Amino acid sequence: MQLVKTGAFVRAARAAKVAVAAARFPAPAFVQSRWQSSQAQTQDAPDEQAFPEQSVDVSREVDPAKTAAASSKHGRHSELEKKLQESGPENKIIHDTEGSGAKILGTPYIFDETSNLSGSILSLVGRNLYEHPDHPISITRKLIESCFEEPTFKHFAMNNPVVTVTENFDTLGFPKDHPGRSRTDTYYVNSTHLLRTHTSAHEHSAFTWLNNNPSSKGYTICADVYRRDSIDRSHFPVFHQMEGARVWAPNADRAALIESDCNNMPKTSLQVEDQATDFSTDANPFQPEHEHNHEEVHLVARHLKLSLEQVIDRIFQASQASLPSAARSSFGPMRARWIEAYFPFTSPSFELEVAWSGEWLELLGCGVTQQAILERAGLKNHIGWAWGVGIERFAMLLFGIPDIRLFWSTDPRFLKQFTRGKITKFEPFSKYPACYKDIAFWINATPSASSPIGATTSSTSGVAAAAGGDATKASLTETQPAAFHENDIMEVLRDVAGSLVEDVKLVDEFVHPTSGRKSLCYRINYRSLERTLTNEEVNGLHEEVARRMKGLFGVELR
């Protein structure tokens with residue numbers, strides 16, 4: 001389910017809370033649990049994975065020839081398609097006299113006016129960090145999966161990130177003017193295909209799989225997802241999500257069975273406060289009575305909350321395991337609370353928050369699955385729950401990793417610190433100096449320019465919306481006028497400097513009182529995680545950024 005909220009402003013605010021919590025989270029250690037025990041049995045067998053790999057890609061089968069034909073329906077691009085097919089195994093973008101296109105995981109796609117893929121993003125497709133058993137992303141994934149045991153749950157990995165606009169938005173009920181559809185938020189391959197923005201693009205396939213495989217009652221999905229966003233230590237254009245679901249088939253004793261499952265769940269060490277138990281209000285309502293029995297809904301909600309409390313408790317125990325007993329006792333039990341939430345695909349809906357140093361950190365979203373979603377997958381008269389989490393959010397806390405770029409590092413000094421089945425605290429291998437450069441430029445006066453310093457809304461004239469503002473619209477209902485958008489400079493920096501940019505901040509803005517033109521100044525922090533950058537190298541990168549900003553967006557440099 002899409003239970004991780006969208007929108008650049010919301011993501012940035014929550015990421016800030018994650019960064020604060022990461023600095024305060026206790027030092028993690030080896031996990032003493034069934035999860036660890038399963039590792040010990042195969043740790044010395046180099047040809048076997050400690051966690052049996054049972055990931056399955058349940059996404060649709062893609063016929064490259066059909067996909068290429070469909071993507072080029074607005075024109076004949078046979079020569080370009082042939083070049084893409086014959087261009088080798090790697091992902092790449094090709095330009096020729098007939099147009100432009102990309103080869104992504106072996107499949108050719110023809111670009112059109114909606115396409116906004118870049119080479120820097122395409123180079124990350126297919127890395128599949130969640131399938132490298134000694135990588136922190138994979139270790140965190142396996143820890144979460146261990147809370148949802150087979151055969152009740154089936155674990156899926158969705159390796160191909162290219163999905164249709166219909167799969168990513170339309171079948172999930174996204175409004176045509178939703179900010180997530182904008183080209184400033186989403187990477188479009190062309191007008192019909194995009195790089196998925198959430199794991200929910202595959203939920204219909206997963207529920208359909210459950211309908212065809214009744215021996216399993218639930219699933220988890222793990223995948224990389226792609227969003228155009230700001231640049232800082234807690235944001236990266238590619239990150240990883242997991243979602244899960246559990247359903248119960250129609251049965252005269254269904255309520256009793258759910259209640260029995262709840263009563264048999266192990267107790268956790270969490271100190272939990274539940275502020276979301278009343279489903280009679282408009283804020284967090286039951287679904288229509290003809291669809292749901294209210295007693296069953298309360299039981300499903302209880303089962304959901306208890307299941308996710310198991311996840312948080314296991315992660316908390318993992319983080320505490322290596323601390324001296326005196327240090328562990330000083331922390332006391334972890335405090336958690338359930339609060340009401342809103343998600344389009346669940347009702348009632350909840351968020352789980354945990355307390356660190358007097359602050360509440362939201363970790364996940366969840367709820368009772370909308371009945372229409374189950375019905376479309378053939379699960380008639382079933383009832384169920386669903387949840388969604390960001391893997392980086394947990395991994396940064398578990399391993400004490402301070403910068404999200406590190407997950408993509410190929411430096412052995414990073415990678416060799418981690419071993420499947422273990423939670424070990426990240427040890428910085430160096431701190432290289434930062435190099436700050438400013439870029440200032442004039443843009444045209446328009447209601448869609450840049451997010452102002454400290455802004456919390458987009459209602460002021462001359463301010464950008466959370467998404468939108470590009471000249472080419474992803475849908476006919478996209479209403480933002482053509483203008484520079486803050487994500488545009490982020491994308492130029494990713495293409496020019498890649499992961500050599502640590503963060504980008506808007507430090508000054510000025511509207512000329514006569515012309516109405518706006519001037520923006522961004523401070524760019526160039527810093528490598530693996531080596532010292534030279535002044536000559538940084539100056540060259542910065543000059544190229546300025547050149548592209550002028551050429552692509554027509555800004556006037558100051």
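What follows draws every value from the coordinates through simple rules; no lab data is involved. Remember, it's a predicted structure, so these values are computed and weren't measured experimentally. Please note: Cβ atoms are built from the backbone with ideal geometry, for glycine as well, and neighbour counts cover all protein chains shown.
Inverting the pair-averaged 1/r between distinct Cα atoms of the range 201-326 gives 18.1 Å as its Kirkwood hydrodynamic radius. In a simple Cβ point-charge model (Lys, Arg +1; Asp, Glu -1; nothing else charged), the range 270-384 has a dipole of about 540 debye relative to its Cα centre. Under the combined filter of DSSP loop state and at most 16 neighbouring Cβ atoms within 10 Å, the range 126-225 retains these trypsin sites (Lys or Arg not before Pro): Arg127, Lys176. Overall, the range 113-167 carries a charge dipole of about 100 debye about its Cα centre when +1 sits on the Cβ of Lys and Arg and -1 on the Cβ of Asp and Glu, all other atoms neutral. Note on Lys82, Lys422: ascending count of other Cβ atoms within 10 Å places them as Lys82, Lys422, the fewest first. Sorted ascending by nearby beta carbons within 10 Å, beginning with the fewest, His382, His204, His155 become His204, His382, His155.
In the structure shown, the pairs Lys142/Lys305; Lys154/Lys380; Lys82/Lys550 are assessed against 22 Å; a Cα-Cα span above that value is assigned to Lys82/Lys550.
Dipole check for the range 132-193: with +1 at the C-beta of Lys and Arg, -1 at the C-beta of Asp and Glu, and the Cα centre as origin, the magnitude is about 160 Debye. Using every pair of distinct Cα positions in the range 89-228, the Kirkwood expression returns a hydrodynamic radius of 16.6 angstrom. Going by neighbour counts of Cβ atoms within 10 Å, the residues Thr369, Thr166, Thr114 line up, fewest first, as Thr166, Thr114, Thr369.
Using the Karplus relation 6.51 cos²θ - 1.76 cosθ + 1.60 with θ = phi - 60°, the per-residue 3J(HN,Hα) values for the range 80-94 come to 5, 4, 5, 4, 5, 4, 9, 7, x, x, 6, 5, 7, 10, 10 Hz, with x marking Gly and Pro.
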